[in-house]
Amino acid sequence: MRVLIAGCGYVGTALCELLVRDGRHVWALRRGGVVLPKGAESVQGDVTKPDTLTMLPASLDAVVYAVSAGGYEEARYRAAYIDGPRNILDALRANSPRLKRFVFVSSTGVYAQSGGEWVDEDSPAEQSHFSGATLLEGERIVASSPFPATVVRLGGIYGPGRTRLIESVKNGSATLPSTPTYLNLIHRDDCAGIIRHILSTANASNLYLGVDNEPSDRRVILKWIAKQIGAASPPVEEGATSARGQRGNKRCRNARIREAGYEFRYPTFREGLAQELDA
Ligand SMILES: NC(=O)c1ccc[n+]([C@@H]2O[C@H](COP(=O)([O-])OP(=O)(O)OC[C@H]3O[C@@H](n4cnc5c(N)ncnc54)[C@H](OP(=O)(O)O)[C@@H]3O)[C@@H](O)[C@H]2O)c1
């Protein structure tokens, strides 16, 4: 299998390692230089500049699009999630007409639900804020391409080097929201594992949520971390939860990817964060 990972960063590099180990022929596209797992090939290019995509490998079997916006601004989001997929798909039409799977890495931020309700792949995704709205537009572009496409909506990614929750308890900046505020987390290795599973599933669905088994109240997670490291419980937040915090307040169900046969390495924040605390 010939696979291109477009946007080979935190998740992409972990995926690259798994695919190389599986014996896949992997190319990793990004703008800068990168240290890749032995066996993978580096391609330097910018998904927002079509003239830099003419050297993409041909006759690919699968593409994973995992470019990030690199900043919380609308122009960056449009470039990463609308222009980028459009340009890559144009290049693939010319050089890989028999592509078997295009995986677009999206986010649970596409959901507008904010009252702590449960959501899954069948729930309406109607986020109008620019961050979710541009991702939704990217999802539509990919779904209307001529290639079999799968969108993976990831929750909050943590793992080696991304331990903000732990750091916030350690440095005393963590506060407990005054009302339940749910986090939908996923360890980096499960992000990579899910995408690898999709690539090896013949009849993959067009949409999966990529979150662990247990959406959890931020207060429960922070108190658990405090207990693990022997710190005092963080203080309760004063005032109302910020608009941005409320925007993410829903509980994402991962039943579809589990029913597709994926087994989580870190089923809840407890196993995943314990691993990072030990590291
Ligand atoms: N972080 C989260 O909690 C979270 C939650 C939900 C969904 N997601 C999504 O998950 C995906 C992967 O996230 P991540 O954390 O792995 O991101 P990341 O570490 O920032 O990696 C993104 C990669 O994209 C490359 N890239 C950025 N702009 C590019 C461009 N114009 N052309 C080519 N390559 C480009 C970057 O390398 P260069 O800079 O060298 O080009 C980098 O290798 C993203 O789509 C992100 O939105 C993330």
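The values are calculated or read from the model by the stated rules, or taken from the named source; none is laboratory data. Everything numeric in this text was worked out from a predicted model, so none of it was measured. Every residue, glycine as well, gets a Cβ built from its backbone with ideal geometry; the counts of neighbours run over all protein chains shown.
Structural remarks
- Residue among 206, 184, 249, 254 that is among the polar types (S, T, N, Q), away from the ligand (no atom under 16 Å from the Cβ) and either under 30 Å from residue 62 (Cα atoms) or out of contact with any helix residue (DSSP H, G or I) (no Cβ under 6 Å at 6 or more places or on another chain) (or both): 206
- Scope the range 147-175; condition of a type in the set (Ser, Thr, Tyr) and within 11 Å of the ligand (Cβ to nearest atom); matching residues: 158
- Within the range 36-56, being more than 11 Å from the ligand (Cβ to nearest atom) and out of contact with any helix residue (DSSP H, G or I) (no Cβ under 6 Å at 6 or more places or on another chain) holds for 38, 41, 51, 54, 55.
- Pairs where the first residue, in the range 256-279, is assigned to a helix (DSSP H, G or I) and the second is small (Gly, Ala, Ser) and surrounded by fewer than 16 Cβ atoms within 10 Å (Cβ to Cβ), C-beta under 7 Å, 6+ apart: 256/205
- The number of residues in the range 138-174 that are assigned to a helix (DSSP H, G or I), among the charged types (D, E, K, R) and surrounded by fewer than 16 Cβ atoms within 10 Å (Cβ to Cβ) comes to 4.
- Residue among 86, 30, 76, 21 that alone is under 21 Å from residue 143 (Cβ atoms), basic (Lys, Arg) and either near the ligand (Cβ under 8 Å from one of its atoms) or out of contact with any strand residue (DSSP E or B) (no Cβ under 7 Å at 6 or more places or on another chain) (or both): 86
Yes/no matrix, rows are residues, columns are (1) in contact (Cβ under 8 Å) with a residue 40 or more places away in the chain; (2) in contact with a helix residue (DSSP H, G or I) (Cβ under 7 Å, 6 or more places away or on another chain); (3) not aliphatic (A, V, I, L, M):
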{"site": "3", "(1), (2), (3)": "yes, yes, no"}
{"site": "28", "(1), (2), (3)": "no, yes, no"}
{"site": "31", "(1), (2), (3)": "no, no, yes"}
{"site": "64", "(1), (2), (3)": "yes, yes, no"}
{"site": "68", "(1), (2), (3)": "yes, yes, yes"}
{"site": "75", "(1), (2), (3)": "no, no, no"}
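- When residues of the range 38-60 are limited to those that are among the charged types (D, E, K, R) and out of contact with any His (no Cβ under 9 Å at 6 or more places or on another chain), the one surrounded by the fewest Cβ atoms within 10 Å (Cβ to Cβ): 38
- Flag for residue 67 being surrounded by 13 or more Cβ atoms within 10 Å (Cβ to Cβ), of a type in the set (Val, Ile, Thr) and near the ligand (Cβ under 8 Å from one of its atoms): yes
- Residue count, the range 175-208 (criterion: within 25 Å of residue 21 (Cα to Cα) and part of a strand (DSSP E or B)): 3
- For the condition modelled with pLDDT under 95, within 24 Å of residue 81 (Cα to Cα) and within 15 Å of the ligand (Cβ to nearest atom), residue 7 does not qualify.
- Only one entry in 58, 112, 75, 79 is of a type in the set (Gly, Ala, Ser) and within 19 Å of residue 154 (Cβ to Cβ), namely 112.
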